[in-house]
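The values are calculated or read from the model by the stated rules, or taken from the named source; none is laboratory data. Since the structure is predicted, the reported quantities are computational estimates derived from the model, not experimental observations. Cβ atoms come from the backbone with ideal geometry, glycine included; neighbour counts cover every protein chain shown.
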Amino acid sequence: MVASMRHWSTAAGVLEEVTSESRFRTTPLGRLLFRDDGLDPYMEDPSTSWLVHWNVSGNPVKTTWFWAFNHYPALSFERDMLVRAISRLASERNWSRASAATIRRDVSCFVRTYVPQPISCHAGYEDALESPLTELGLIKSVGRRDGFRFVRGPKPSLGCGVFVYAVTDFWNRHSPDVHTLSFEALAHEPGSPGRVFLLEENDLIDLLVSLEEFSNGIYRWSETAGLKQLIRFKELTYEDALNFVQRDYTLIRPEKLSYATC
């Protein structure tokens, strides 16, 4: 149980390994959210779930999660379809430890991360617990047995602060030295906000347009001469992005502010 908690906390970006000291420590994001006086110590706010989703499924370290959101070509799928696709990927890349049983368990865990499970009256307490990411509504069961569907479209509970965090993280990983990023990259590149948040193009544009006011002009959407792109007037660090994240929580609990807001 402890190893599992450590694994998922690292994947979610709230713990990091200090290899030189053979230990783990809480990240700035983890402290901001989960310390005793943090923004959301009991993970009750949807913004926290969106942040966890971004860090888990926008990062290629978690292969099944990243591949499903960023490379799978269809809206609907069955478990066996994902198992076969990940198995082909493992074979192509010579991943010797990726056995069929391991991949099947990984896909099952992926589905349970996002899809509420029917609970039997004989289920134990741990079996009845749901992943907080099921509340995001990103994947739904469909009528046929073992069928699922990615839910593309607007995400009303996705706040501008988390969106700025995601855009900044993607920009710094994708093209850190440029001052403009194309709409195509933001919408369709693997690991992009459009892909990871399952946004339709118009929904993504609406969020990008809103960034100028929210970021105090640091980001600005442009469609000059038919060229759709986001302009960045100042490079933002990880800590800068955290300053924007906390603004998603201020309307509910303003007393929790601990970083300078923009």
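Quick notes on this structure:
- The set of residues in segment 227-262 being modelled with pLDDT of 95 or more and of a type in the set (Phe, Trp, Tyr) consists of 233, 244.
- Which listed residue is of a type in the set (Gly, Ala, Ser) and either under 20 Å from residue 189 (Cβ atoms) or buried (at least 18 other Cβ atoms within 10 Å of the Cβ) (or both), from 108, 49: 49
- Segment 11-41, residues that are part of a loop (DSSP other than H, G, I, E, B), without any contact (Cβ under 8 Å) to a residue 12 or more places away in the chain and surrounded by fewer than 10 Cβ atoms within 10 Å (Cβ to Cβ): 22, 36
- Just one of the listed residues (198, 211, 181) is of a type in the set (A, V, I, L, M), touching a Ser or Thr at 6+ places or on another chain (Cβ under 7 Å) and modelled with pLDDT of 95 or more, namely 181.
- Segment 38-73, subset among the charged types (D, E, K, R) and at pLDDT 90 or above, residue nearest to the chain's Cα centre (by Cα): 45
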